[in-house]
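Step one of this worksheet: look at the structure below.
The values are calculated or read from the model by the stated rules, or taken from the named source; none is laboratory data. Note that the coordinates shown come from a computational prediction; the quantities given were computed from them, not determined experimentally. Backbone-built Cβ (ideal geometry, glycine too); neighbour counts: all protein chains shown.
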Amino acid sequence: MPEPALLVALALAVSLAAFINGTIGFGFALLAVNALAVVLGAKSGVVVMSLLVPFVSGLQLLHHRAFIPPWRRLAWLLGGAILGSIVGTQLLVALPSPLISIALGAFTIGYVAVTLPGERPPLALHIERRLAPLAGFVGGFSNGALGASGPVFGTYLTAIGLRGRDFTAAISGMFFTLGILRIGQLALLDQYSTPLLAIAGLLIVPSVAVQRVGQWFRGRLPAALVYRGVLIVLALAGLSLIIRGVDGLIGG
């Protein structure tokens with residue numbers, strides 16, 4: 001177990017991530033996993049994060065349940081994500097995750113760069129349908145192999161025109177489903193040690209409590225400001241993925 005001071009620092013970092021998640025609808029894992037990785041190591045950080053995400057995303061989904069898009073619209077995205085998550089987790093060691101991380105980060109930052117000056121029109125319906133399985137698979141694979149899928153799902157959902165609470169409900173549903181799947185896979189791979197379970201248990205309370213505070217602020221912010229916040233977090237997430245990929249290549 002880390003020293004008490006480090007646990008307090010982790011709780012503060014996780015609380016900040018939870019507040020941002022409550023305010024803009026996502027970003028919890030992307031922001032908190034880096035702090036966990038510094039203190040616990042990359043692998044252990046992802047394992048602990050896997051136990052926190054279902055609570056945070058599940059409560060977010062419950063809070064915005066009235067805005068869940070029709071299941072038919074996201075069915076192919078979710079199906080591809082489930083398959084991608086299974087493949088990504090199983091092939092985590094065999095495949096060059098640093099290169100995937102760099103590619104996903106560059107793609108995300110590129111999307112933000114062309115979107116930030118002004119909102120682009122949503123993708124045409126026929127393009128949305130064709131891209132859904134691919135976007136789902138890439139996001140699910142990224143979730144399993146890298147522990148980060150927000151850049152992919154966030155980019156796709158904004159590209160098809162989801163905004164505000166519709167966006168939050170959709171991406172929270174994706175995170176919750178993949179979070180439950182990842183817990184099952186990691187459990188089968190015997191990745192949950194007692195110390196990691198204890199750390200996750202300590203961090204769940206501040207995560208859930210501070211997320212609720214962020215939700216209160218969200219309802220008092222202009223929709224355009226929230227959308228800009230989503231794009232900023234996407235840009236930071238993309239940069240984080242690139243840095244993680246470069247570090248992986250150098251370390252390898």
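A compact table of results
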item	result
Index of the failed condition, Ile242 passing every other in (1) farther than 24 Å from Leu12 by Cβ; (2) surrounded by fewer than 14 Cβ atoms within 10 Å (Cβ to Cβ)	(2)
Residues located in the stretch 123-153, provided they are of a type outside the set (A, V, I, L, M, F, W, C) and within 25 Å of Ser44 (Cα to Cα)	Gly139, Gly140, Ser142, Asn143, Gly144, Gly147, Ser149, Gly150, Pro151
Test: residue in the stretch 146-169 that is more than 24 Å from Gly229 (Cβ to Cβ) and surrounded by 23 or more Cβ atoms within 10 Å (Cβ to Cβ)	no
Members of the stretch 6-40 found to be among the β-branched types (Val, Ile, Thr) and touching a Lys or Arg at 6+ places or on another chain (Cβ under 9 Å), listed by number	Thr23, Ile24
Complete set of residues in the stretch 68-88 that are at pLDDT 90 or above and aliphatic (A, V, I, L, M)	Leu74, Ala75, Leu77, Leu78, Ala81, Ile82, Leu83
All positions within the stretch 158-183 that are closer than 14 Å to Met49 by Cα and not aromatic (Phe, Trp, Tyr)	Leu178, Gly179, Ile180, Leu181, Arg182, Ile183
Single condition Trp216 does not satisfy, out of (1) over 17 Å from the mean Cα position of the chain (by Cα); (2) crowded, with 17+ Cβ neighbours inside 10 Å	(2)
Residue check, Ala235 in a helix (DSSP H, G or I) and out of contact with any helix residue (DSSP H, G or I) (no Cβ under 8 Å at 6 or more places or on another chain)	no
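So that you can scan it fast, the table gives a plain yes or no per residue for (1) out of contact with any His (no Cβ under 6 Å at 6 or more places or on another chain); (2) surrounded by fewer than 21 Cβ atoms within 10 Å (Cβ to Cβ); (3) at pLDDT 90 or above; (4) of a type outside the set (D, E, K, R):
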site	(1), (2), (3), (4)
Ala32	yes, no, no, yes
Phe55	yes, yes, yes, yes
Ala66	yes, yes, yes, yes
Gln90	yes, yes, no, yes
